[in-house]
Every structure is written in C-alpha cells, then in structure tokens.
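Report on the structure given below.
The values are calculated or read from the model by the stated rules, or taken from the named source; none is laboratory data. Source: prediction; values computed, not measured. Neighbour counts run over all protein chains shown; Cβ positions are idealised from the backbone, glycine included. Just so you know, the surface numbers come from the protein's heavy atoms only, side chains and all, with ligands and any DNA or RNA stripped out. Shrake-Rupley method; radii C 1.70, N 1.55, O 1.52, S 1.80 Å.
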Amino acid sequence: MTGGAGDFDDEGSVAERKMRFLYALRSRGVTDHRVLSAMERTDRGLFVRGVFADRAYEDMPLPIACGQTISQPSIVGLMTQALNVQPRDKVLEVGTGSGYQAAILSHLARRVYTVDRHRRLVREASDLFAALDLTNITAITSDGSFGLPDQAPFDRIIVTAAAEDPPSPLLAQLKTGGIMVLPVGQSDTVQSLIKVTRTESGFDYDELRPVRFVPLVEGLGTE
Ligand code: SAH
C-alpha cells in the first residue's frame with residue numbers, strides 16, 4: 001500500500017474494496033444476513049458507468065444516465081431490510097434507475113417488477129439483468145405512480161423516488177399484510193423514509209429515518 005492515509009479508500013484490490021464495502025454496510029445497520037448476502041452477490045461496479053465507476057464501492061449515491069442517481073448502498077440495504085422480503089413474494093419497485101436495487105431484490109423474492117419513466121434506463125437495466133441471468137425481473141417503462149395494475153396486488157412495494165405522500169394507487173395495489181417502503185416529502189427539503197403496512201382494517205405508518213431522494217415525476221421521460 002502506497003500513498004497517504006487520505007487516499008486509502010482509492011487503493012487496494014477490488015476484493016479488498018468489496019470487503020470494506022460490506023463492512024461499511026454492517027456498521028451502518030444493515031445486519032440482516034439474507035440482505036447482506038444478496039448485496040454481496042450483486043456487484044455495484046456493474047451498475048455504475050463511466051467516470052464514477054471507480055467509486056462504486058464507496059457508500060455514496062452516484063450519478064447515472066438521465067440525470068438520475070444510484071442510491072447510497074447503506075440506504076439500499078436499510079430499505080431492503082425494512083421491506084422484509086419473503087422467498088414467495090411478488091415485489092414492485094418504482095424507480096429502476098441503474099437496476100441495482102432490483103438486482104438485489106431478485107435474490108430475495110420470487111418475482112420482481114421494476115418500472116421507470118425513462119426508457120433508456122429500463123433498456124440498460126434489462127440488458128444487465130439478462131447478462132447476469134436474473135430471469136425473475138421484468139423491467140417496464142411506465143409512470144410508477146400508478147403502480148402496475150396488470151400485475152397487482154403485490155406483497156411488497158419499494159419506491160426509490162420521493163413523492164409528497166404515498167401514491168394512492170400504490171396503497172391500493174398492496175396486499176393485506178403487505179409492506180411498502182418509500183421516501184416522502186418535498187424533493188428539495190429533508191424527506192422521511194417510511195414503512196407502510198397494510199392491515200385488515202387500514203394502514204400502519206412507521207417513520208424510519210431522514211433521507212434524500214430524487215423526486216417522483218409524473219409522466220414518461222424524453223430519453
Ligand atoms: N433504484 C435505483 C435508483 C433510482 S433513482 C437504483 O437502484 O439505481 C430514482 C428513479 O426513479 C429514477 O431513475 C427516475 O427516473 C425514476 N422515477 C421518477 N419518477 C418516476 C415515476 N413517476 N415512475 C417511474 N419512475 C420514476
């Protein structure tokens with residue numbers, strides 16, 4: 001190892017960086033073994049392109065195409081953990097982005113549907129899912145605030161863009177006993193990550209932590 005202590009993070013082999021990556025997840029509260037092992041199997045380096053690829057194993061959000069971001073890995077881990085996915089579950093993700101979160105979910109669930117309003121992101125993520133042989137993911141271009149009525153209801157729903165409130169079509173498409181995890185709040189202020197559980201009689205809401213996500217935008221993108 002050469003260089004000063006300050007650039008330690010930029011050094012070491014890919015294997016060392018991946019080990020530090022998993023250690024950072026654990027130290028930030030991602031302790032569920034199934035989630036950690038799904039994240040260990042999902043190489044974030046494949047989901048980040050261009051100049052930022054070098055930083056894929058750091059715990060930070062990074063820019064992807066269409067002006068969007070791949071979320072911070074520890075937040076991905078905490079959201080996945082809160083979702084408590086079971087092996088028979090059918091999951092909907094709103095906000096495919098790079099496809100990283102969907103790839104992690106594919107190791108935990110029976111079936112994953114992921115939607116994004118940008119065609120280009122859906123196409124690039126689909127190509128990656130095929131290359132990685134993740135055959136239980138279907139990626140679709142659509143406005144996810146309406147959910148995916150054809151495939152509803154879902155056992156789990158995860159939204160990776162922030163709305164002011166949980167979109168009502170998504171609440172309606174959640175099974176009884178189902179869980180939805182999503183950021184809510186205004187896009188340019190602090191948002192809260194919340195967990196919604198559908199009960200026999202209604203919905204329970206838990207506030208998990210402050211977060212910052214790109215906004216949930218209406219309609220399809222131009223790219
Ligand atoms: N989960 C992604 C990160 C997503 S960033 C990952 O693992 O990389 C949020 C994504 O939500 C962006 O790609 C954005 O295009 C998408 N998005 C925003 N509003 C949307 C909407 N109404 N419907 C579907 N996708 C939307």
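Of the conditions (1) part of a loop (DSSP other than H, G, I, E, B); (2) among the aliphatic types (A, V, I, L, M); (3) under 13 Å from residue 158 (Cβ atoms), residue 134 fails just one. Which one is it?
Of everything listed in (1) part of a loop (DSSP other than H, G, I, E, B); (2) among the aliphatic types (A, V, I, L, M); (3) under 13 Å from residue 158 (Cβ atoms), residue 134 misses just condition (3).
Residue 133 - would you say it is on the phi > 0 side of the Ramachandran plot, modelled with pLDDT of 95 or more and out of contact with any strand residue (DSSP E or B) (no Cβ under 7 Å at 6 or more places or on another chain)?
Working: on the phi > 0 side of the Ramachandran plot: yes; modelled with pLDDT of 95 or more: yes; out of contact with any strand residue (DSSP E or B) (no Cβ under 7 Å at 6 or more places or on another chain): yes.
Taking the combined requirement at face value, the residue satisfies it.
All but one of (1) over 24 Å from residue 171 (Cα atoms); (2) surrounded by fewer than 22 Cβ atoms within 10 Å (Cβ to Cβ); (3) over 11 Å from the mean Cα position of the chain (by Cα); (4) of a type outside the set (Asp, Glu) hold for residue 47; which doesn't?
(2)
Hey, among 99, 95, which residue is at pLDDT 95 or above, open to solvent by less than 30 Å² (accessible area, probe 1.4 Å) and farther than 18 Å from residue 40 by Cβ?
Numbers: 99 fails: farther than 18 Å from residue 40 by Cβ.
Of 99, 95, the one residue that is at pLDDT 95 or above, open to solvent by less than 30 Å² (accessible area, probe 1.4 Å) and farther than 18 Å from residue 40 by Cβ is 95.
Suppose we filter 141, 114 for residues that are open to solvent by 30 Å² or more (accessible area, probe 1.4 Å), of a type in the set (Ser, Thr, Tyr) and touching a Leu at 6+ places or on another chain (Cβ under 8 Å); which single one remains?
Details: 114 fails: open to solvent by 30 Å² or more (accessible area, probe 1.4 Å).
After ruling out the rest, the residue left standing is 141.
Determine whether residue 89 is out of contact with any Asp or Glu (no Cβ under 9 Å at 6 or more places or on another chain) and more than 10 Å from the ligand (Cβ to nearest atom). Show your work before the answer.
Values: out of contact with any Asp or Glu (no Cβ under 9 Å at 6 or more places or on another chain): no; more than 10 Å from the ligand (Cβ to nearest atom): yes.
Answer is no for this residue.
Which ranges mark the strands (runs of 3 or more DSSP E) fully within region 148-223 that have 1 or more residues being over 16 Å from the mean Cα position of the chain (by Cα) and within 20 Å of residue 137 (Cα to Cα)?
Details: elements: 154-159, 174-184, 191-198, 203-211.
By residue number, 154-159, 174-184.
Would you please name the residue that is modelled with the highest pLDDT, looking only at residues in region 160-196 that are within 18 Å of residue 212 (Cβ to Cβ), among the hydroxyl-bearing types (Ser, Thr, Tyr) and more than 15 Å from the ligand (Cβ to nearest atom)?
If we take residues in region 160-196 being within 18 Å of residue 212 (Cβ to Cβ), among the hydroxyl-bearing types (Ser, Thr, Tyr) and more than 15 Å from the ligand (Cβ to nearest atom), then 192 is modelled with the highest pLDDT.
Pull out all pairs, ordered by first then second residue, where Cβ-Cβ is under 6 Å, the residues are six or more apart or on different chains, the first lies in region 206-223 and is away from the ligand (no atom under 12 Å from the Cβ), and the second is part of a loop (DSSP other than H, G, I, E, B) and open to solvent by 90 Å² or more (accessible area, probe 1.4 Å).
Sorted first by the residue in region 206-223, then by its partner, the pairs are 210/190.
Does residue 108 qualify as being within 20 Å of residue 42 (Cβ to Cβ), away from the ligand (no atom under 14 Å from the Cβ) and within 15 Å of the chain's Cα centre (by Cα)?
Details: within 20 Å of residue 42 (Cβ to Cβ): yes; away from the ligand (no atom under 14 Å from the Cβ): yes; within 15 Å of the chain's Cα centre (by Cα): yes.
Yes.
Among the residues of region 170-223, which ones are under 14 Å from residue 144 (Cβ atoms), touching a helix residue (DSSP H, G or I) at 6+ places or on another chain (Cβ under 7 Å) and open to solvent by 40 Å² or more (accessible area, probe 1.4 Å)?
If the condition is that a residue be under 14 Å from residue 144 (Cβ atoms), touching a helix residue (DSSP H, G or I) at 6+ places or on another chain (Cβ under 7 Å) and open to solvent by 40 Å² or more (accessible area, probe 1.4 Å), then 216, 218 are the ones that fit.
What is the number of the single condition among (1) among the β-branched types (Val, Ile, Thr); (2) out of contact with any Lys or Arg (no Cβ under 7 Å at 6 or more places or on another chain); (3) farther than 19 Å from residue 214 by Cα that residue 157 does not meet?
Checking residue 157 against (1) among the β-branched types (Val, Ile, Thr); (2) out of contact with any Lys or Arg (no Cβ under 7 Å at 6 or more places or on another chain); (3) farther than 19 Å from residue 214 by Cα, the one that fails is (3).
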